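See structure below.
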Amino acid sequence: MKQRSIIILLFVVLVLSVLSGCSTAGGRSAATVTVTDLLGREVAIPAAVERVVAIGPGALRLYVYAGNLDYVVGVEQMETGDV
């Protein structure tokens, strides 16, 4: 009986999780996106990014994993050297 209750509870949680992503709000997009780092600092950037500069150790690699290289317009000198 206890196992059945747990299965029903998990099913209800799963259904609610799936349905929580459904909304009737229009596809309105914000003009800016606010990014908060681990120290609580906030930066507002345009929602439609056109250019990216990869600065910092591993930044280019992380951007390659997640983004489109067509937007990269600059990298650090150490990223351009021979390895």
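Within segment 2-29, residues that are of a type in the set (S, T, N, Q) reach partners that are at pLDDT 75 or above with beta carbons closer than 8 Å, at six or more positions or on different chains, in the pairs Ser29/Ala47.
Total residues in segment 40-83 satisfying the condition of being surrounded by 10 or more Cβ atoms within 10 Å (Cβ to Cβ), touching a Phe, Trp or Tyr at 6+ places or on another chain (Cβ under 9 Å) and not in a helix (DSSP H, G or I): the figure is 4. Return a yes/no flag: does segment 18-33 have any residue that is modelled with pLDDT of 85 or more and of a type in the set (Val, Ile, Thr). Yes: segment 18-33 contains one or more residues that are modelled with pLDDT of 85 or more and of a type in the set (Val, Ile, Thr).
The values are calculated or read from the model by the stated rules, or taken from the named source; none is laboratory data. Since this is a predicted model, take the numbers as computed values, not measurements. Reconstructed Cβ throughout: ideal geometry from the backbone, glycine too, with neighbour counts over all protein chains shown.
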